[in-house]
Amino acid sequence: MRKVTFGKPIIGDEERNAVQKVLEGTLLVHGPIAKQFEADFASYTGSEACVSVSSCTAGLHLCYFDMGLGAGDEVIVPAQTHVATAHAVELCGAKPVFVDAEIKSGNIDISKIEERITPRTKAISVVHFLGLPVAMDKVCAIAEKHGLKVIEDCALAIGGRYKGKHVGLWGDAGAYSFYPVKHITTAEGGVVITKHEDLAARLVHKKAFGVDRNVTERKEPGIYDVTDLGFNYRMNEMQAAIGIEQMKRIDGFLEKRKANYDTLYAGLENIDGVTLFEKPGADFENSHYCLSIILDEKMRADRSKLVKAINDKGVGTSVYYPSPVPYFTYYKEKYPVTGDEYPVASAISYGSIALPVGPHLGAEDMEYVAEMVKKSVGEVF
C-alpha cells in the first residue's frame, strides 16, 4: 500500500548547515540573517517592505494593534477561515463581524460585505482560502468607499497573485505563515509585507516591546528607551536561516504543487456526489496549498466514514476548517447565532475533505490518491 502523507516539510543539508552556521556565532536574535530573509521575501513578492515575525497570527495582531483597534470597533472577517484570523481581531478587544463564503472558491462572499459594514467598522479582513486569491480590486473598492483598512491573511497563499500582483500587496498589509506544512517553512514564524514603509517601520518597533533600539543599535550595552507599547513577536536567526534556504526553492515547490494539483483535479472530476472548487480565470494565480473535495449534502453525515476509508488506503487527509469560526464555542457563546447564518461556510467546513498536493509527492501519488478516493466513495456510499 502506498503511503501518501498530507504534508511534509522539505528540509535538506542546506537548511541544516545554515542553522549550524548561526549556532556557531553568538547573535541569535536581532541579527543580519532575519534582515536578509525579509529582503529575499520582499524581492520575491515585489513588496516595498517586509517584517519578520514569530507567526502569521502575530503579524495580523500587530497590524490591528498598530491601527489602534479596540473596544467598540469592528472588523469584517470571513466565516470560513482558521480561527487565528478572528483571534487577531478579538485580541485587540474589537469584534469580528463574520461574512459567509462563496461556494465556487471558499473565499469571502464579496457581495455580502457591505451589508455587514456599520459606523463601527474599521477594517476588512480578507483570507485567500487554500491559496486562491480573492478578487481584491472589488474588496479594495468597498474599503475605499467606506474609508476602511484592508488586512490580507495570506497564510496559505505564497505565490498567489491577482491580476499579476502578489497577494498581500492589494490591501494595507498581508501576513504569511511558515508553519511546517506550508509552502515554505521556518519551523514556526511568519512575515508581514506592505506597500507602506511607515507601517513597516512601526511594526518593526512594536514587534520588539516598543524599545527604541535593539541590541546591535545601542551605543552603551543595556541602555535603551521604551517609546511605545509592544510585544515579543520577533523571528530568531535560526528560523530566518531556514527561510533563506527555503526561498531558494520556492519556485520549484510551487511548480510541483501546481502539477500535482492539476493531475489530482483531473482524476477527481465527475465523481457522483463530489464537487470541486471551480478553476479560476486568468486573473487568479493559485498557490495550490491543497485540493479539497466537497460532498453533497446527503453524504456529509458520513464524511468521517469516508475519511477513514481514504486514510485506511494510505492517503493522508485534513479539513479546512472543522467549523465556521462563528460556530466555535468561544465565538458562539460570546456572539450568539441563530440558525444557520453561514450556510456556504457550513457546507465547506462540514462537507469537505482536503487532499495533499505538496512537493514531497509526485504524479503517481496523485493518481493513487484519485483512485483511492473514487474507490472509497464507492465503498461508503
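Here are a few things to note about the model shown:
- The stretch 265-286 residues that are more than 22 Å from Tyr350 (Cα to Cα), paired with ones that are at pLDDT 95 or above and surrounded by fewer than 18 Cβ atoms within 10 Å (Cβ to Cβ) (beta carbon under 6 Å, 6 or more apart): Asp283/Lys163
For (1) in contact with a Phe, Trp or Tyr (Cβ under 7 Å, 6 or more places away or on another chain); (2) surrounded by 23 or more Cβ atoms within 10 Å (Cβ to Cβ); (3) in the same structural domain as Ala84 (by TED's automatic domain parsing), each residue gets a yes or a no:
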position	(1), (2), (3)
Gly131	yes, yes, yes
Cys140	yes, no, yes
Lys149	no, no, yes
Gly159	no, yes, yes
Ala173	no, yes, yes
His183	yes, yes, yes
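Residues checked against (1) buried (at least 22 other Cβ atoms within 10 Å of the Cβ); (2) in contact (Cβ under 8 Å) with a residue 12 or more places away in the chain; (3) under 13 Å from Leu62 (Cβ atoms):
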site	(1), (2), (3)
Leu169	no, yes, no
Val192	yes, yes, yes
Glu197	no, yes, no
Ala200	no, yes, yes
Ala208	no, yes, yes
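- Output for the stretch 276-289, where each listed residue is under 18 Å from Pro356 (Cα atoms) and either among the charged types (D, E, K, R) or crowded, with 17+ Cβ neighbours inside 10 Å (or both): Phe277, Glu278, Lys279, Asn286, Ser287, His288, Tyr289
- The set of residues from the stretch 241-259 being in contact with a Gly (Cβ under 8 Å, 6 or more places away or on another chain) and under 25 Å from His61 (Cβ atoms) comprises just one member, Gly243.
- Counted residues, the stretch 60-86 - those being touching a Leu at 6+ places or on another chain (Cβ under 8 Å) and small (Gly, Ala, Ser): 1
- Strands (runs of 3 or more DSSP E) contained in the stretch 148-248 and holding at least 1 residues at pLDDT 95 or above and farther than 27 Å from Leu27 by Cβ: 149-153, 173-177
- Qualifying positions in the stretch 238-279 - touching a Phe, Trp or Tyr at 6+ places or on another chain (Cβ under 7 Å) and either assigned by TED's automatic domain parsing to the domain that holds Lys21 or among the hydrophobic types (A, V, I, L, M, F, W, C) (or both): Ala240, Gly243, Ile244, Met247, Ile250, Leu276
- Qualifying residue in the stretch 14-25 (condition: within 30 Å of Val274 (Cα to Cα) and either among the β-branched types (Val, Ile, Thr) or without any contact (Cβ under 8 Å) to a residue 40 or more places away in the chain (or both)): no
- Unique residue being in contact with a Pro (Cβ under 9 Å, 6 or more places away or on another chain) and more than 27 Å from Ser105 (Cα to Cα) when the list is Ala187, Ala208: Ala187
- His30 vs. criteria modelled with pLDDT under 95 and either among the hydroxyl-bearing types (Ser, Thr, Tyr) or over 18 Å from Leu148 (Cβ atoms) (or both): yes
- Considering residues of the stretch 313-329 that are without any contact (Cβ under 8 Å) to a residue 60 or more places away in the chain and either of a type outside the set (Phe, Trp, Tyr) or surrounded by fewer than 19 Cβ atoms within 10 Å (Cβ to Cβ) (or both) only, the residue farthest from Glu367 (Cα to Cα): Thr329
- Output for the stretch 276-303, where each listed residue is aromatic (Phe, Trp, Tyr) and more than 18 Å from Gln80 (Cα to Cα): Phe284
The values are calculated or read from the model by the stated rules, or taken from the named source; none is laboratory data. A quick note: this is a predicted structure, and the numbers were derived from the prediction, not measured. Quick reminder, even Gly has a Cβ in these numbers, built from the backbone with ideal geometry, and neighbours come from all protein chains shown.
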